[in-house]
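What follows is calculated from the coordinates using simple rules that are stated; it is not laboratory data. Given the structure is predicted, the values throughout are model-derived calculations rather than measurements. Every residue, glycine as well, gets a Cβ built from its backbone with ideal geometry; the counts of neighbours run over all protein chains shown.
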Amino acid sequence: MLSIVESYMELKKNMGALINKSGYKNAFLAEQIGIPAPTFSVKKQRGNWTENEMKQILTIIQNKKLEDYFFLELMRSEADEPRHPVADLKKEMGW
């Protein structure tokens, strides 16, 4: 469950990059989700999106290319994480 929260946090942090990669203009997206363009720009810089705003933006910009980009960034962020074989986990859990 912790990995879900971490993935969400990574998505929220990378929303600005996803928006940039999408090719959509800030003003267009701001209008579509119903917030002023200056507010949108500040949120994009700070990454302080609400869940509803993220959902609305992703509904507009979502495509396979962006999904691949996000997963690549997620994998890069986890590259330094220690890896453990499943056999070790089973042994530790007594399975």
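Summary of computed values
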item	result
Listed residue pairs exceeding 26 Å between alpha carbons, taken from Lys13/Lys90; Lys65/Lys90; Lys13/Lys65; Lys21/Lys43; Lys55/Lys90; Lys13/Lys91	Lys13/Lys90; Lys65/Lys90; Lys55/Lys90; Lys13/Lys91
Cα convex hull volume per residue for the chain (Å³)	118
Structure-based [θ]222 nm, the chain - -39500 (n - 2.57) summed over DSSP H runs of at least 4, per residue, nearest 500	-22000 deg cm²/dmol
Neighbour-count ranking [beta-carbon atoms within 10 angstrom, fewest first] of Glu31, Glu51	Glu51, Glu31
Extension gain (nm, one decimal) between Ile35 and Lys90, 0.36 nm per residue minus Cα-Cα	14.8 nm
R0 of 25 Å, Cβ-Cβ distance Leu2-Thr50: FRET efficiency to nearest 0.05	0.65
Fully extended contour minus Cα-Cα distance, from Lys21 to Ile60, at 0.36 nm per residue	12.8 nm
